[in-house]
Amino acid sequence: MPESSKNVLDRFRQGDADAFEVIFREHQCTVFRWILRIVRDTGTAEDLTVETFWKIYRAHARFDSARGFEPWARRIATHVALDWMRARKPEREITPEMESMLAAVNTGDPGIQAEIRVKTAQAFTRLPPKLRVAAVLAVVEEQPHKVIAESLGITVTAVKLRVFRALRLLRKDLEQQGIRP
Amino acid sequence: MTKMNHNSNHESERTPETERINEVLKAAMPRIADDAGPARDLWPDVLRRLDREPVRVPWFDWALAGGLVALAAAFPAAIPVLLYYL
C-alpha cells in the first residue's frame, strides 16, 4: 500500500472528514458493485452504498488498518444489504419490468427457456436472505468462497453449506412448480 | 473490490445435478458487469446522511427502564402491579 494511502487511512481512523471523502471517492464504486451483486437493483445499491459509508464513518475508530479497508467495507456492506433483504417482502423483488427483461435476455443457453428463467428468479427471491447472499455471490458472481466467508463473518465451510442448501431449496421450489432443472 | 477468480470455488464438488441448477440460476440472474458503477455522485447523499441524527432514545427513558427493572428485581411481587399500570 502506498504511504499516502496509509496516511489517509490513519487520518480516517482518527475521524478526519477529509480523509473520509478521499476514501469514499476511492472505494465507492467497488462498494456499490459489491452491494449491487447482492441486491441486483441499481437504485437500491446506491441507497445502500450511502448507508454503508455512513456506518463506515460512524465506526471509524474501530477500523484496523492492518487488516485493510476493503475487507472491512465489504463486511459492513454485506450486512447492510442483508438487513435490507430481511426487511423486504420477497414478492416485491421481481417487478414486471424485471420479468420482461429476464424473458428477453439472451443467456447463450437455448435449453433454458424464458419462463424457466423468470420462475427461477422468482423462486430465488423466496429463499432465506442469508442463503441467497451466499448463493448469488458464489454461483452467479463467481466470487471466491474465502472472500464471501470474510464478508459474511463465517467460515468457508459454512459458505459452501449455505450455497448447497440454497441450491437444494431452489431445486425443490422449481420441482413443486413442475419445472425439473 | 475483488478480482474474479473463476477457479477458486471447488469445481470438484460439483455433480451433474448441481451443475445444472447452477446453470439455470446463472441464466436467470445475469452477472453484474465488472465496470458497473453508480449513476450519480453519491457523496452529497453521504453528507446528508451524516448530518441526519440517528434515532436516539432519550437518557430519561433509559433511566426509567432501568429503574423499573431494578424495582422488579428487588420486589418481584410488584411485577403484577407494574403490568397492571402499563
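Bear in mind that the values in this text are calculations on the coordinates, not laboratory data. Note that this is a predicted model, so its numbers are computed, not measured. We place every Cβ from the backbone using ideal geometry, glycine too, and count neighbours over all the protein chains shown.
Quantify how strongly other chains surround peptide B:40-51 by giving the mean number of their Cβ atoms within 10 Å of each of its Cβ atoms.
That works out to 5 on average.
Among A:147-157, A:131-141, A:26-36, how do they line up from the highest to the lowest mean number of other beta-carbon atoms within 10 Å?
Ranking, from highest mean packing down: A:131-141, A:26-36, A:147-157.
Just order A:166-172, B:79-85, B:35-41 by mean Cβ neighbour count inside 10 Å, highest at the front, would you?
In descending order of packing, they fall as A:166-172, B:35-41, B:79-85.
Average partner chain C-beta neighbours within 10 Å, per residue of A:29-37?
Partner-chain Cβ atoms within 10 Å, mean over residues of A:29-37: 5.
Determine the relative contact order of chain A: mean sequence separation of Cα pairs under 8 Å and six or more apart, normalised by residue count, in whole percent. Could the numbers behind the result be given before it?
Numbers: 159 pairs, mean separation 33.7, N = 181.
19 percent.
Is the C-alpha gyration tensor of chain A telling us rounded, prolate or oblate? Criteria: a/c under 1.5 is rounded; beyond that, a/b larger than b/c is prolate, otherwise oblate.
Since a/c reaches 1.5 and a/b is larger than b/c, the shape of chain A is classed as prolate.
Give me the inter-chain shielding for A:46-52: mean count of other chain Cβ atoms within 10 Å, whole number please.
Per-residue shielding by partner chains comes out at 4.
Hey, in the GNM for chain A with a 10 angstrom Cα cutoff, which one of A:Arg165, A:Arg75, A:Arg88 fluctuates hardest?
A:Arg88
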